[in-house]
Every structure is written in structure tokens, then in C-alpha cells.
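The values are calculated or read from the model by the stated rules, or taken from the named source; none is laboratory data. Keep in mind the model is a prediction, meaning the values are calculated, not measured. Neighbour counts are summed over all protein chains in view; Cβ atoms, including those assigned to glycine, are modelled from backbone coordinates with ideal geometry. Heads up: the accessible areas ignore ligands, DNA and RNA and are worked out on the full protein's heavy atoms, side chains in. Shrake-Rupley method; radii C 1.70, N 1.55, O 1.52, S 1.80 Å.
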Amino acid sequence: MFGARQSTPVALFAPLRRLVAGAMARDLRALVVPGADVALAAGLDLAAAGLALAEGPRQANVLLVILPLPAAMLKAASVAYAQMPRPRAVLVLGEGEITPLPEADATGAASQEGLEKAVATLRRAFAEGAFATEVSDFDAPALQTRIEYTCPMHPEVVSDEPGNCPKCGMNLVEAGGDGGHEHHHAAAQYTCPMHPEVVSDEPGNCPKCGMNLVEAEGDGGHEHHHAAAQYTCPMHPEVVSDEPGNCPKCGMNLVEAGGDGGDGHHDHAHHQHHGQDGEDAQVGWLERIEPGFMSMIELTEGTPRSSDGLQMEWIDVPFGPLFPGLPGGLTLDLTLDGDTVAGVQVGSAVAEDWALPDGGLDPDTFVAALGVQMRLSPVSYRLLACRALQAAAGITPLPDEDMLHDGALARERLAERLLWLAQMGRQLGLPRIESRAAGLSRAIREAAPSEIDALRGPLSGLVESLRKTPFLARRLRGIGRLDDQGVWSGPGGAGSDAATRLTARLDGVMADLAELKRAGGISTPQTPDVTGVGGHGHATVETARGPAHLHLELSAGRIVSASLDTPSNRHLPLVETVTCQAELADALVAVASLDLSPWEVRA
Amino acid sequence: MTAQVFFLAAFGLAAVWFGIVVFRTHSMVRSALALLFSQTAIGAMFLVMQAEFLGVLQIMMMATEMSIMAIFMVMFMMDPGGLGEMDMKHQRKLSLAAGVIAFLAAIGVSVFADWGPAATVVPSADEQLRMLGIELLGRSMLIFESAGLTILTAMIAATAVAVQMPAKKEDAS
Amino acid sequence: MSALQQYGILFALTLGSIGFVLSLYALARAIGRNRAEPGKDVPATAGSLSRDPVWVRYHARFGGYALLFLAFDMEMAFMYPWSVVYRQEGLVALLDMGVFLAILFLGLLYGWSQGALRRQ
Amino acid sequence: MSTLILVLFLLLGTYFVAVIEEWSVTGRLRPAGPVRAALRLLGTESVLARKPDRLFFEVAPVLLLVAAILSLAIIPLAPGLIVTDLATGALFFNAALAYVLVALIMGGWGPDGAYAMIGGWRFLGQLIGYAMLVVMPITAVAMRSESLSTVVIVQSQEQLWNILYQPLGFVLFALAGMAMAFVPPFDLPTGAGDLAGGVEAEYTGVRRLVFRLGRMVLILSVASAMTVFYLGGWLGPVLPGWAWSAIKILVVTALMLAAGRALPRVREASFLAWCWKLGIPLALVNIFLVGVLVLVVPL
């Protein structure tokens, strides 16, 4: 096993290690890549196969990878794998490339049977190989942001390890972080007014305090070693010394003064982004009253302001692509002010560029590719492609067959709504709802028409118990309210909040059941024969997340242009609306309530 | 008796040590929690001195109150993580002088004050608690009620500080 | 059992628990070693490698509650000895504490009316 | 002898709490689960973050465990079966569990990770909500028993359990106790779907094992406190005292954890608002009601 743990050579503890390895083999905790939702959509029952879901990489000992995956997602998987404590194993389901991950310890087909066989293999691997005397490091390009340590005074001192500067004995500090970048090159450098040791080639925020970086003194090639270097305190510009050291007033590290003598970083910072004379005057006034006083006005200068006017420092925290409460593959980078969301960047690690290759694509490949890409709703998008092809070729579908396709669509919609419910249950800490919804979603996705009648009872039972769950509506009310007219096309409509969207989805479950009954049967769509035909076609399909549109252009039986408009792609910008200034937990609930599928996002 | 003195001294030294740590660290949270453990050690000293209620109360209240102090320090102080290695010591000469004077004053009071005759028998913890209750409801009722008023004043002041925040926002924008 | 003996037991319990934990650590150490690998020691953030320190000024939104809480916490110091002699003292205790609690409740109401009881 | 019984109680209690806890998450009762999980954690690497406050990171799980064990020291299982019958027992229970907060703040701050840190500070907010609702009902209990000693508190319920004598206090204490043990729906500092483990997120291997152990003992301790303060502790017919204690504690644990399965995680803002706008006034009302009852009906 590649992820084995290095054991101590003491033979005395070998029986204990065997015992532990045996326990590990029976207690597998999996981190699912891209996410538990995709495992569910693939019809996998992890608990039945003996895998518990881990909350994050630290709690997992199995990385379950469901292929195929795009490179960005595999990169995230490699980070997660690196952060799993040993002994750890990789379990791969399906076909595809897994670099940069190490070789899989067990593989299988992406089906329940394949999973169960793979888990059995994995158990043996754990029982026999959880510990090894020789192990090798795991490394991946994503982990190669090298950390360098440099001296704030002597940038030519660069070391791979923290320690003291050989020239002046100061603590070495972490350099920029983006690989072996040159510290002394000619371009402008940016530095933090508070943390002079932070030096970056690009403008941005200080990693330590979040302040805007300001351009460093001098003309680019900033002379750290120039002739008569003077050192000054960033807080107390009147403190000037010929040698580096600490400020006698506040104890901060002295920094090298700029070329123009007395004008230190501090004043520079002022002019850079505020230059408010009033504040300057106030600082001076305080300085006179108490020279050693560390004015908060001065210190918080330039830090972002919160909604209540306090100046705080903000941190950027990634919630994805492998976050347990959100759809797998969704990348949500929140800028947090305490536990309040001050800014958001949302994207997808599994998005694909939908550009067609030159010369077009043949319809079969197109339909299949769409089905693979839309991992959570393959049937809907296959149907969408087929209908658009029919429209382009001018084929009138048979009404009976169309009804059956509608049945397939309704069935998938139902499965997806339940999948969302399972996800929501997980996020809100409702394990019972989660497991019931997940089980039903799995059962319905592949259910034959005859089996659906049997599921009607449990389904309405679940809907009822959700309506009756105490405090659930209260928990969701007012969160993620959408004021935007028009952009939102999902359940609940404009002006909805998380609670009304939940209700709308529950109503949708019952409506889908009724539609399934009306359709009377289910048949998955087949690519129509459009050999040699040309023309334009447009189709719309109602998915669980809202309508999806596809516009196709056929030329001689090949698709030469296609424009796909998916609900998640449209709804992605709403994330900012619903999370703005919300408490972190509320913001996550709001994002989850939008039911975004990262697979539908365009790269 | 000797074990009692030993533990008293040990907890006393621990309290002093944690007090020193408050200023030796760069991190605000460490500083606040060092103060907490200093106070906890004082609580343990009360226990060693068989003042059970006082000791347990001290141990309990300091945990929550110093934690709240920690969050306020993290909220309002620069560089709470100590990443910039800022020095915690300010105005050294003045504080050194103040510290020495206060220390001497405390020594002076403890030596020269008239503490009355030392108790020969320590009342049981239960009895102490009871006596404290009767004291509060009897002789010290006025002190007790005025403490209530003081707390009320503190609450009003705290509220005034807390609700100042939104007003500030209007100024800023 | 004298009070001091009881504190001794509590102290021994503390030391015993710490000893138990240390022996667990020793056992874990005997089983295997940790391996330092790239990326492993970075705090896990859902599959992204985020090296930024998070030790910055944290904006706690419960400041108003926290300040009121401090006042209430002080008040509880009086409540314990009071509750123990309550039955013995009877009506005097009820009235006395009633006045005290009414004063505090006033403070709570004031804070409430001024909007201290909300997320800032 | 009694020391042995108490150690056994601690071990068995922790084990049962762990079994029930796993059931509350997965819905399955697996008697071997906790043992396996403990062995797995023992054999897993215990990763130390890159540039952590190492002292905090190391101390937090130990402090959690020690605080929880100390709080159990004042729980009487039967007459004479108690570690230390402190005269300020009920207060000591609070004092010990106040350090759960300190442990969580240390554990959250230590690894320099965002999820953990937010979890730690969140628990401080949670404490500001529940703390008064723990101490005020205990005061009302002490008014009836005229003592803070847990043994006397149990004896005072000989005629009528406190759950019937002061039901309002019980409800408040039960909810506050759940928040104190951060079990669902009050698991804000460690929420899985919310913070991906929060304070627990960076703990692996043996440190995580100690953290989890502390957590289980904490749940056991809160359940025991509910039993002692409100459910008459060892009192009960036929069976010996220790058996009643054990049964009551297990039932309370199961009910506590089952409630969390059915309720969504609370929002911190609304938790604080409920505690201060409804909980504290009700707790004061409870004190007043008990005060009148104690004087009028001297049960």
C-alpha cells in the first residue's frame, strides 16, 4: 500500500499493529471525490458497502475517486490526499486518468457491485499493508508552492527552513509563497505597511493582516543594501536608527527607511490609500499626549471596514471543491469578516468549456459527452440534446415516445430533488432526513415504472415528515432571499427564500410523481438519426434546477455550433446576492438552497 | 500542614509564572489565556487555604470572563496571532515603577495591617457558604444591593458602548 | 473525608487523567511514526491548499451579549450563597433577592431596548 | 472498591455514550464500533499543523478530557458512591465544565486553520447564550435542597423529583446542558456540513482520540448532572441505587442524542436571542416560582 504508515522497528508492538490494522480494515472512512452527491447519482450506497462518509480529509482513510474527472478536480483530490493522515488508501471507481494521485489500492466499476468488490480488496490491503517499514513521500504539483524564508533586512538571504538570519540574527520570515520568485528583480514590489517583511511582486492584500499592499519605496529595484541605510519604525517615524532592531517605543521591528529619509512606510501608506488629513491630525494629537500610545486609528488604517463600521481584518477561506455541506466540485471562496461573509467568489472545479471542435461533432458523441459531463442529471441533458437534434433535423417526435421521455425526465427530476434534500440534510445536521432522502433518490433514479408505485408511500412520508420537522422552516426562513427579478428560474420563483424553495421542491416531488403517473412509462431517449441533415434547432427541458435550453446548428449531419444555457450557470451570480453580509452558516445554507450543479457551469 | 504550605507555594509560583507569560508571549490569545491560568492558580490557592466557595467561584468565573477578554483582544488588538512578533511590553520604566510600588504596598498592607486573631478551626465548606449567605442577607445587605446597582450601571455603560457601533458607521460613510 | 483530602483527590484525578493521556501517546508513538510530507501539515480547507494565516483580528458579532453576560456572571456569585440559606431566611431572602434581580432585569431590559441583544 | 466501581462507570459510560452517539449519526447500533474507531485512531498519524500554536493544540484535547472527568467527580451514583462530595458540588460542576470552553478556544486557535478557529469562537458565543441557563436553574435546585452538595440535592428529591417540582428549570437546564456538551442541534463548533468538523477538523490520530474521549465523557457528565439535579439520582424502587443511576443516565443520554437527530442545527444568532430574550426571563421566573413553592409547600 502506497499510503502505508511508517512503523517503528520494535517487534514487540507488531501484534498491536496487526490489531490496529485489522480495526482499520473494518472501519473505513471515505472522502468522496468529487462529492457524496455524485456517488449518490451514480447509484452507490457507501454505507451498505461498509464505507462511512468522512467530514474532511483529516478524518478519512480512504479517498474514493469516481472517474472521469477534470484536471482541476484531480488537483483538489491530490491536495486532499496529501492532507489525509497515514495509513491511507485510494479507491478508484470508473475509468479515467487519476494523475497526480498515486496508484489506486483498489479499483472497480462505478456500480454498487464494483464498489463492494473494491472495498473487499481494500480491506485486505489495510489488514496486510497498513504499516510498512519503508514508505515514500507523496508529492504532487499542487503541493509545490514552495515556502521560502527570508530575512526582512537582507532579502538576499533565502532559506528553505525557518531560522535566524546569518547576517543580523533576526527571525527569518516567510516569503511571498508562489515558488522561487526573485526577490531582487527590477519590477515594482509591494509591501504591507504593517508587516514590512511581506514582500510581493503583485499588488494585493497582506497575508498577515489583509491590508492593501503598497508599492515599496524606491524605483522598483528597491535598494535594500544601499549605502547609508536607515531604519525606522513603521509606527513611529521619528525613530530613526542606523542599525536594524526593535523600536524603543513599541517594540516592533524597525524597517529600512525609504530613499527620501524621514518619510517611512507609515506616511507612505497614508498617502497611498487614505490621505485623510483629519485622521493624520488626530494621530499627531494622540502622539503628543502619549508618545508610546498605539493609536487604533493609525494601526487599522487601510484595513477593510465591516458593516458596523469596525475595522477588522478579513480572511479568505475556501469552502470547496470538497466541502461536505456543498455539492462536490463547487468552489466557494468566502472572504470572511469574523464569521460574516464579506465577499464571495464562486466557481466550479469540474466545469468544462463547451466549445465544439473544429469541423463539428457527430451527434452520438455529442449526446454521450453531454450525458457524461452533466453527472447529476445525465438523462435530462441527453433528452435536451436529442430534442434539439430532432428540432434541427425537422423530425416530429412520436407523441407516445415523447410521453415516455417525459417520464424519464420526471423520474430524474425526482431523484435530483431528493439528492438535493440529502445534501441539505447533511448540511443542516439532519442525518435521518439525509439517509432517507439518499436512499429514495438512489431507488428512484433507476426505478422501473412498476417499482415507482411502491415508492410513492415512502416518498410522501418523507415529504410529510419534512413539513413536520420542528424548527426546520424557522431555520430556513429569511435566508438567501432573492430579490432579483428574472435571473432565478428555479423552484420558488423570484422573492423566494430558503424556506419557500424547500416547500417548492417538496411540492415539486409530488408534482413529479403525478407526471410520472401521467406519462405511464419510462424510456430513455436515443440519438435521432440525422445523417446528412442540416438546420437550426432549439429545445428546452425542465430540469430540477430550472429550464435548460440548447440551440444547435446542424450541417451535413454534424453539429457545428451549439449554445447551451443551463440553470446553474445562470444562477451562479446569485450566490453573491444571497451570501452578502450573512453569517457563515446562513450563507452556506443559502448557497445550498440554490441547488447549483457545478457540472452545469461553463468554464 | 507542610503539604498545604507546599501546594500553596506551588500554586502561587504558578500564578506568578503565568502572570509573567502574559507579557512574554507575542500572541494576544496566549496572553489572555495565560492570565486565565494565572487566575485559576489563584483559585487553586484559595482551595488549598480551604476557602472552597471562593476558590471554585474564582476558577469558574475566570474561565468565561478571560475567554471573553480573549475575544475582545482578538477583536481590537493589532496582530492577535503574534505573527509580527510585536512586543507586549510598553512604557517599561513607568510600569516597572508602578509594579514595584504596588508590590511594596501589598507587602506593607499584609504585614502591618491588623488582621485580628487567626482562626484556630476552619469552618467546613458548607458552613462557610451558609455564613456567607447569612452575611449577605444580614449585615452586608446594603453592600449586596449596591453591588446590584453597580452591576446595573455597568450594564448600561456596556450597552452604550455596544450600541455605539452602528452610529459610528454613519459617521464613516 | 476532610475538604483538603477531597481537593487532593481532585488533583490526583487531574494528574491521573494526564498520565492516561500520556500513556496513550506513548502507545501511539510505539505503533508508528509520522512522516513529514509536502502539503500534509497545511490546515485542511476542502481540497484547496490555503497557506494564509488566519490569526487575524476576528470580528465577533456577539459583543453586546458578551458585555451583558459579564454583568450577569458577576451577579451569580451572590446567588449561590443566597440560595443555600433561602429556606432558612424565608421571606426576607425572597424580597431581598427580588429587589436585586429586579435591578438586574432592568439592566437586561435596557440593553434589550437599546439593541444590545442582537447580532451586531 | 468504590474507586474501582467509579472507574468502571467511567469506562462503561464512555463506551455506551460512544455507541449511542454513533447510532445518532448513522442510525445503526454497532457494539464494536467505538473500539474499532479507537484502535483506528490510535494507529493513525497525528498530524501537527505547519505553524501552529503548538502548546494550545496539544493542551486542548487533554484539557477537555480533564475538565469532563473532573466534572464527573461530583456525581453520586449511589449513597457513598461518589468521588468527592464537595460542599460546593453543583458549583464545581460548572467550574469544571467552564474549561470545556477554554479547551475549544485553544483547540480552535491552535492549528491556525479557518474552520477550527471559527468553530472555537462560535462556541464562545454559544456559551454566552447557555451559561446563565445552566447556573440559574441550579440555583433554584439549591434553594430547595439548601445545599450545593450533589448528595444533598438527590436526598432533597426523596418525596418528589425536581423534574416535577420545577419542570421549567428542567427544560431550561436540559437545553442548556445539551448546548454545553455541544451535541446536535447545538453542535455549532463542530458541525459537519457547516464547518467540516470545526474545532475537531485538524485533530487526527491519537490527539483526535483524546478529543473524542473527552467529548464522550462530557456528554456522560451532562447526562449525569441532569439525572442528579432533576431525576432523583439514585432514587427508585426495587433496584439498587447504582442501577437506577445507570439506567437514568443512559436514558437521558439516548434522549439527548436522539433529539439532535430530528432537529436542524440552530443558528447562532437565534440561539443567543432565544437564550437572552426568553431563556433568562424564564429562568428568573423559575427562581421566583421555586422561591414561593419552597416557602409555601415545604416538600
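Summary table below
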read-out	value
The listed residue being among the hydroxyl-bearing types (Ser, Thr, Tyr), open to solvent by 10 Å² or more (accessible area, probe 1.4 Å), more than 14 Å from chain D (Cβ to nearest Cβ) and farther than 21 Å from A:VAL589 by Cα, out of A:SER460, A:SER489	A:SER460
Out of D:ALA179, D:ALA196, D:ALA140, sole residue that is more than 30 Å from D:TRP244 (Cβ to Cβ) and of a type in the set (A, V, I, L, M, F, W, C)	D:ALA196
From the options A:ARG475, A:ARG545, residue that is under 27 Å from the mean Cα position of the chain (by Cα) and over 22 Å from A:ARG432 (Cα atoms)	A:ARG545
Any hit, segment A:510-529, residues being acidic (Asp, Glu), open to solvent by 20 Å² or more (accessible area, probe 1.4 Å), touching a strand residue (DSSP E or B) at 6+ places or on another chain (Cβ under 6 Å) and not assigned by TED's automatic domain parsing to the domain that holds A:VAL38	no
Selection from segment D:228-247 of residues that are touching a residue at least 40 places away in the same chain (Cβ under 8 Å) and either of a type in the set (Gly, Ala, Ser) or surrounded by 22 or more Cβ atoms within 10 Å (Cβ to Cβ) (or both)	D:VAL228, D:PHE229, D:TYR230, D:LEU231, D:GLY232, D:GLY233, D:TRP234, D:GLY241, D:SER245, D:ALA246
Residue within segment C:34-51 that is out of contact with any helix residue (DSSP H, G or I) (no Cβ under 9 Å at 6 or more places or on another chain), outside any helix (DSSP H, G or I), open to solvent by 50 Å² or more (accessible area, probe 1.4 Å) and more than 13 Å from chain B (Cβ to nearest Cβ) present	yes
Residue check for C:ALA26: more than 7 Å from every other protein chain (Cβ to nearest Cβ) and among the small types (Gly, Ala, Ser)	yes
Hits in segment B:22-48 (condition: modelled with pLDDT under 90 and open to solvent by 30 Å² or more (accessible area, probe 1.4 Å))	B:PHE23, B:ARG24, B:HIS26, B:ARG30
Qualifying helices (runs of 4 or more DSSP H) (wholly inside segment B:27-128; at least 2 residues being closer than 30 Å to D:GLY125 by Cβ and within 18 Å of the chain's Cα centre (by Cα))	B:28-48, B:52-76
Selection status of D:GLY214, more than 14 Å from chain A (Cβ to nearest Cβ) and surrounded by fewer than 24 Cβ atoms within 10 Å (Cβ to Cβ)	no
Selection count where residues are buried (at least 21 other Cβ atoms within 10 Å of the Cβ) and charged (D, E, K, R), scope segment D:22-75	3
Residue list for segment A:546-566, filter: touching a Ser or Thr at 6+ places or on another chain (Cβ under 6 Å) and either buried (at least 22 other Cβ atoms within 10 Å of the Cβ) or under 26 Å from A:GLY407 (Cα atoms) (or both)	A:GLY546, A:PRO547, A:ALA548, A:HIS549, A:HIS551
For A:LEU404: the one exception among (1) more than 14 Å from chain C (Cβ to nearest Cβ); (2) in contact (Cβ under 8 Å) with a residue 24 or more places away in the chain; (3) open to solvent by less than 30 Å² (accessible area, probe 1.4 Å)	(3)
Tally of residues being over 18 Å from A:ARG86 (Cβ atoms), of a type outside the set (A, V, I, L, M, F, W, C) and at the interface with chain D (Cβ under 10 Å from one of its Cβ atoms) across segment A:27-56	1
Qualifying positions in segment A:117-133 - open to solvent by 60 Å² or more (accessible area, probe 1.4 Å) and out of contact with any strand residue (DSSP E or B) (no Cβ under 8 Å at 6 or more places or on another chain)	A:ARG124, A:GLU128
Residues of segment A:519-548 satisfying the condition of being closer than 22 Å to A:ARG411 by Cβ and either aliphatic (A, V, I, L, M) or free of Cβ contacts under 8 Å to residues at least 40 places away in the same chain (or both)	A:ALA519, A:ILE522, A:ALA539, A:VAL541, A:ALA544, A:ALA548
Single residue of segment A:94-147 satisfying the filter (among the β-branched types (Val, Ile, Thr) and part of a helix (DSSP H, G or I)) that is farthest from the other protein chains (Cβ to nearest Cβ)	A:THR121
Scan of segment A:322-345 for residues that are among the acidic types (Asp, Glu) and open to solvent by less than 10 Å² (accessible area, probe 1.4 Å), ordered by number	A:ASP337, A:ASP339
Output for segment B:62-81, where each listed residue is open to solvent by less than 20 Å² (accessible area, probe 1.4 Å) and within 7 Å of chain C (Cβ to nearest Cβ)	B:THR64, B:ILE68, B:ILE71, B:VAL74, B:MET75, B:PRO80, B:GLY81
Residue in segment D:223-230 that is of a type outside the set (Gly, Ala, Ser), farther than 18 Å from D:ALA142 by Cβ and out of contact with any Gly (no Cβ under 8 Å at 6 or more places or on another chain) present	no
Which listed residue, of B:ALA147, B:ALA118, is open to solvent by less than 70 Å² (accessible area, probe 1.4 Å) and outside the structural domain of B:LEU54 (by TED's automatic domain parsing)	B:ALA147
Flag if D:GLN157 is open to solvent by less than 10 Å² (accessible area, probe 1.4 Å), modelled with pLDDT under 95 and assigned to a loop (DSSP other than H, G, I, E, B)	yes
Single residue of segment B:16-56 satisfying the filter (touching a residue at least 40 places away in the same chain (Cβ under 8 Å), closer than 30 Å to B:THR120 by Cβ and of a type in the set (A, V, I, L, M)) that is nearest to the other protein chains (Cβ to nearest Cβ)	B:VAL48
Strands (runs of 3 or more DSSP E) wholly inside segment A:13-83 containing at least 3 residues that are more than 30 Å from A:THR133 (Cβ to Cβ) and in contact with a helix residue (DSSP H, G or I) (Cβ under 9 Å, 6 or more places away or on another chain)	none
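Residues checked against (1) in contact with a strand residue (DSSP E or B) (Cβ under 8 Å, 6 or more places away or on another chain); (2) away from chain D (no Cβ under 14 Å):
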{"site": "A:ALA539", "(1), (2)": "yes, yes"}
{"site": "A:SER555", "(1), (2)": "no, yes"}
{"site": "A:LEU564", "(1), (2)": "yes, yes"}
{"site": "A:CYS580", "(1), (2)": "yes, yes"}
{"site": "A:ALA585", "(1), (2)": "no, no"}
